[in-house]
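The values are calculated or read from the model by the stated rules, or taken from the named source; none is laboratory data. Here the structure is a predicted model, which means the values were calculated and not measured. So basically every Cβ, Gly included, is an ideal-geometry build from the backbone, and we count neighbours across all protein chains shown.
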Amino acid sequence: MTGLSSETVKSFTAALGLPTISASFGQEQDLIKWRNIDEDQKKYLIQINPPTDIIPEIIRDIVIRQNITNAAILYDSVFVMEHKYKSLLQDIATRNVITAIDVTNQEQQILKLQDMNLVNFFILGRLETVTQVLKNASANGLFNAKFAWHVITPNSENIACECDDGRVLHVKPIEDSSFKERFESIQRSFNLDEPKIVSAFYFDFALQSFLAIG
């Protein structure tokens, strides 16, 4: 839960001292109503970041490691990025644009970013989303040595794209084989949705929260 309703709940629980576990998006200082809680309150007002809030932080690491000076960061509805516009690449000398993927006019969006002399592209999204973005990029001649493409997905499957020759760095979660059978059983029993890393997180989040209350 994000936005006004989430902040209202946090204000209420903090004022009444109610033990609360939140899966809200946001890093330190992003949760306005819990921004100034003391050490004692931190013991019962707890935030656990969901995977799709942590995954975008990979971009910061890549930018620093590769000394990237410009970046176009596109994302779909799986990710909540509004709170990251200023913080994601804060204190890094990288000219960047962070924008939601325009599903109705994707080609023009990519070309517009190209016109801004952005050559390092980061795509955050579902497999079907990133595949379409790569397809449009390939069709418009953006798959060559000038451009660098980084795809970051919450899905564990590989990309299947009918694109021209080009290099794509694909960052994805890898399933722990020791938990695969158990997760598949839970997935069938509770009809959990894809991506697996997201559904597994919220299932475990709910389960552990109920056990803590009990």
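Of all residues being at pLDDT below 80 and over 24 Å from Leu207 (Cα atoms) in the stretch 4-37, which is farthest from the chain's Cα centre (by Cα)? Just the residue, please.
Checking each candidate, the answer is Lys33.
When you go through Phe210, Phe203 one by one, which is the residue that is within 23 Å of the chain's Cα centre (by Cα), without any contact (Cβ under 8 Å) to a residue 60 or more places away in the chain, more than 30 Å from Gln109 (Cβ to Cβ) and in a helix (DSSP H, G or I)?
Phe203
Out of all the residues in the stretch 169-214, which are surrounded by 15 or more Cβ atoms within 10 Å (Cβ to Cβ) and of a type in the set (Gly, Ala, Ser)?
Those that are surrounded by 15 or more Cβ atoms within 10 Å (Cβ to Cβ) and of a type in the set (Gly, Ala, Ser): Ser199, Ala200, Ser209.
What tally of residues in the stretch 134-158 results from selecting those that are assigned to a loop (DSSP other than H, G, I, E, B) and surrounded by fewer than 16 Cβ atoms within 10 Å (Cβ to Cβ)?
8
So if I check each of Ile197, Ile186, which one is under 22 Å from Ser22 (Cα atoms), outside the structural domain of Ala160 (by TED's automatic domain parsing) and either assigned to a loop (DSSP other than H, G, I, E, B) or in contact (Cβ under 8 Å) with a residue 12 or more places away in the chain (or both)?
After applying the criteria, what remains is Ile197.
Might you let me know whether the stretch 67-75 holds any residue that is surrounded by 13 or more Cβ atoms within 10 Å (Cβ to Cβ), without any contact (Cβ under 8 Å) to a residue 60 or more places away in the chain, assigned to a loop (DSSP other than H, G, I, E, B) and outside the structural domain of Phe121 (by TED's automatic domain parsing)?
No: the stretch 67-75 contains no residue that is surrounded by 13 or more Cβ atoms within 10 Å (Cβ to Cβ), without any contact (Cβ under 8 Å) to a residue 60 or more places away in the chain, assigned to a loop (DSSP other than H, G, I, E, B) and outside the structural domain of Phe121 (by TED's automatic domain parsing).
Within the stretch 45-60, can one find any residue that is surrounded by fewer than 12 Cβ atoms within 10 Å (Cβ to Cβ) and part of a helix (DSSP H, G or I)?
no
Of all residues in the stretch 19-38, which are at positive phi and in contact with a helix residue (DSSP H, G or I) (Cβ under 6 Å, 6 or more places away or on another chain)?
Answer for the stretch 19-38, where residues must be at positive phi and in contact with a helix residue (DSSP H, G or I) (Cβ under 6 Å, 6 or more places away or on another chain): just Gly26.
Residue by residue through the stretch 185-214, note down the ones that are modelled with pLDDT of 85 or more and acidic (Asp, Glu).
Across the stretch 185-214, the qualifying residue is only Asp204.
Look at the stretch 76-94 and say how many of its residues are closer than 16 Å to Gly26 by Cα and either outside the structural domain of Ala148 (by TED's automatic domain parsing) or β-branched (Val, Ile, Thr) (or both).
Number satisfying all stated conditions: 2.
Could you list all residues from the stretch 44-60 that are modelled with pLDDT of 90 or more and farther than 23 Å from Lys196 by Cβ?
Once the filter is applied, which keeps residues that are modelled with pLDDT of 90 or more and farther than 23 Å from Lys196 by Cβ, the stretch 44-60 yields only Arg60.
This table checks each residue for (1) surrounded by 13 or more Cβ atoms within 10 Å (Cβ to Cβ); (2) of a type in the set (Asp, Glu); (3) without any contact (Cβ under 8 Å) to a residue 40 or more places away in the chain; (4) under 30 Å from Ile213 (Cα atoms).
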site	(1), (2), (3), (4)
Tyr85	yes, no, yes, no
Asn96	yes, no, yes, no
Ala100	yes, no, yes, no
Asn105	no, no, yes, no
Asn120	yes, no, no, no
